[in-house]
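Colleague: Before we start, here is the structure in question, set down as structure tokens.
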Amino acid sequence: MPENFNIDELDLELGGRLQNADLAYETWGRLNPSGDNAILVCHGYTEGCHAGGEGGWWQGLIGSGCAMDTDKFFVVCSNMLGSARGSTGPKSISPETGKPYGPDFPDVTVGDMVNAQALLTEHLGIRELAAVVGYSFGGHLTFEWAMSRPEKVERIIPVASAPKGRGDAQVLVDLEKPFAARKGWNGGHFYGGEGEVEIRDAMVAFRIDMNRELGVADAFMEDLNDAAKVEQALDDEAQTWADQCDPNSLIALRKTAMRFDVTDKVAKITAPMLYILSRSDTLYPPDVAPPIVEKVNQATTFIIDSDDGHAAPETDWEKMADVLRDFLETEHG
């Protein structure tokens, strides 16, 4: 079950501050006495902190004897600021108004997210991170950790990601459009109103479309081999997801990703890097790696041979397990 870490005040890079901010997090394994065996796992755009354990989105990679072996490592995953899965975000109650922030949630940066994580690691007694591993959006946080706190990070493993976020102004327009078209959207202030059911229906449709785009539907077909069962599986997953997520968080996090760009700073990375990408990923294809890897002193690229696109690190995690394990357990000079 997630635990909660509270931050009294968090100054934000774009101005202002968050008061009484919460970070939801989960841990697996035990921190050693020297506080240097921790792995920080950073989740994707719509995921949460339940990465390991039963039902975890990376449960095959986190646990006793797994690539992120909890007999050796203390694994931590926190839900990023702005998300709807336990941490402070748009659906949280603003201490100033007593109502959900909604679209008035302050702009947060990847740097703000990492600053909050750094406070969490201090709270947990972590002196140094053995690795930061980030999938998709979480990869942005991985790059940020390596550049803003190099003395705290021994290794980095960005997965299906890049040091630059995706999207532009039109992406935001298109993202909000299906929600704005529903009755009761009210500019994003829909909480507690009559339109909540319609907004949830829009979330279900959004998730199904996204899973098709990211290759999840193809992965379901490989397992189920039946079109009707695939459609049911997509709907079931989307229904559960819609109960946990929030459209204002989708918008806020997309804004954060769009602002993120440290491409011109990757040469400053001193930590050894394992860069994992998927052969069939159209969001972060393998050809994003060479111009980044050539600038990093110690960098290795691994391409997952999968047809599952951006979803491959979840659906075909076995194909990257050995190289991940070896990188985590090898001493790097």
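The values are calculated or read from the model by the stated rules, or taken from the named source; none is laboratory data. What you see is a predicted model; the values in this text were computed from it and never measured. Counting neighbours? That spans all protein chains shown, and the Cβs are built from the backbone with ideal geometry, glycine included. We work out accessible area using only protein heavy atoms, side chains counted, and drop any ligands, DNA or RNA first. Shrake-Rupley method; radii C 1.70, N 1.55, O 1.52, S 1.80 Å.
Colleague: Is it the case that S249 is of a type outside the set (D, E, K, R), under 30 Å from R155 (Cβ atoms) and touching a helix residue (DSSP H, G or I) at 6+ places or on another chain (Cβ under 9 Å)?
Modeller: Spelling it out, it is not the case that S249 is of a type outside the set (D, E, K, R), under 30 Å from R155 (Cβ atoms) and touching a helix residue (DSSP H, G or I) at 6+ places or on another chain (Cβ under 9 Å).
Colleague: Condition (residue is modelled with pLDDT under 90, open to solvent by less than 50 Å² (accessible area, probe 1.4 Å) and closer than 30 Å to S92 by Cβ) applied to the range 227-241: is it met by at least one residue?
Modeller: The answer is yes, given that some residue of the range 227-241 is modelled with pLDDT under 90, open to solvent by less than 50 Å² (accessible area, probe 1.4 Å) and closer than 30 Å to S92 by Cβ.
Colleague: Quick test of your reading of the structure: M320 fulfils all but one of (1) surrounded by fewer than 20 Cβ atoms within 10 Å (Cβ to Cβ); (2) among the aliphatic types (A, V, I, L, M); (3) farther than 27 Å from L172 by Cα. Name the failing condition by number.
Modeller: (1)
Colleague: Continuing with this model, one more query. Write out, first by first residue and then by second, each pair whose Cβ atoms fall under 7 Å of each other, whose residues are 6+ apart or on separate chains, and whose first residue, in the range 90-103, is part of a strand (DSSP E or B) while the second is aliphatic (A, V, I, L, M).
Modeller: Hits for this filter: P100/I93.
Colleague: Something else now. Working carefully through the options V133, V153, find the one that is of a type outside the set (K, R), in contact (Cβ under 8 Å) with a residue 40 or more places away in the chain and touching a helix residue (DSSP H, G or I) at 6+ places or on another chain (Cβ under 6 Å). Show your work before the answer.
Modeller: Values: V133 fails: touching a helix residue (DSSP H, G or I) at 6+ places or on another chain (Cβ under 6 Å).
None of the others qualify; the one that does is V153.
Colleague: Shifting gears a bit: Which of the numbered conditions does R279 fail, given that it passes all the others? Conditions: (1) open to solvent by 80 Å² or more (accessible area, probe 1.4 Å); (2) free of Cβ contacts under 8 Å to residues at least 12 places away in the same chain; (3) not small (G, A, S).
Modeller: (2)
Colleague: Give the residue that is modelled with the lowest pLDDT, with candidates limited to residues of the range 79-98 that are touching a Lys or Arg at 6+ places or on another chain (Cβ under 7 Å) and closer than 20 Å to G139 by Cα.
Modeller: Just the residues of the range 79-98 that are touching a Lys or Arg at 6+ places or on another chain (Cβ under 7 Å), to begin with: 79, 84, 93.
Going one step further and asking which of them are closer than 20 Å to G139 by Cα, we end up with 79, 84.
On the way: N79: 98, A84: 93.
For the range 79-98, the residue satisfying everything is A84.
Colleague: I would also like to ask the following. In this structure, is T70 free of Cβ contacts under 8 Å to residues at least 40 places away in the same chain and either under 24 Å from D316 (Cα atoms) or open to solvent by 10 Å² or more (accessible area, probe 1.4 Å) (or both)?
Modeller: For T70, the condition - free of Cβ contacts under 8 Å to residues at least 40 places away in the same chain and either under 24 Å from D316 (Cα atoms) or open to solvent by 10 Å² or more (accessible area, probe 1.4 Å) (or both) - is not met.
Colleague: Of all the residues that make up the range 81-116, how many are of a type in the set (G, A, S) and open to solvent by 40 Å² or more (accessible area, probe 1.4 Å)? Step through it out loud before you land on a result.
Modeller: As a first pass, look at the range 81-116 and keep what is of a type in the set (G, A, S): 82-84, 86-87, 89, 92, 94, 98, 102, 111, 116.
The next check asks that each one be open to solvent by 40 Å² or more (accessible area, probe 1.4 Å); those that pass are 86, 98.
The qualifying residues number 2.
Colleague: Considering only the range 161-203, state which residues are part of a loop (DSSP other than H, G, I, E, B), aliphatic (A, V, I, L, M) and either open to solvent by 50 Å² or more (accessible area, probe 1.4 Å) or closer than 16 Å to A252 by Cβ (or both).
Modeller: Filtering the range 161-203 for residues part of a loop (DSSP other than H, G, I, E, B) gives 161-163, 165-168, 181-185, 189-195.
If we keep only those that are aliphatic (A, V, I, L, M) as well, we get 162, 181.
Result: A181, single match.
Colleague: Could you list, ordered by first residue, the pairs with Cβ atoms under 9 Å in which the first is in the range 286-314 and farther than 19 Å from D218 by Cα and the second is among the hydroxyl-bearing types (S, T, Y) and assigned to a helix (DSSP H, G or I), at least 6 apart or interchain?
Modeller: Correct list of pairs: P291/T263; I292/T263.
Colleague: What single numbered condition from (1) touching a helix residue (DSSP H, G or I) at 6+ places or on another chain (Cβ under 8 Å); (2) within 18 Å of D243 (Cα to Cα) fails to hold for M68?
Modeller: (2)
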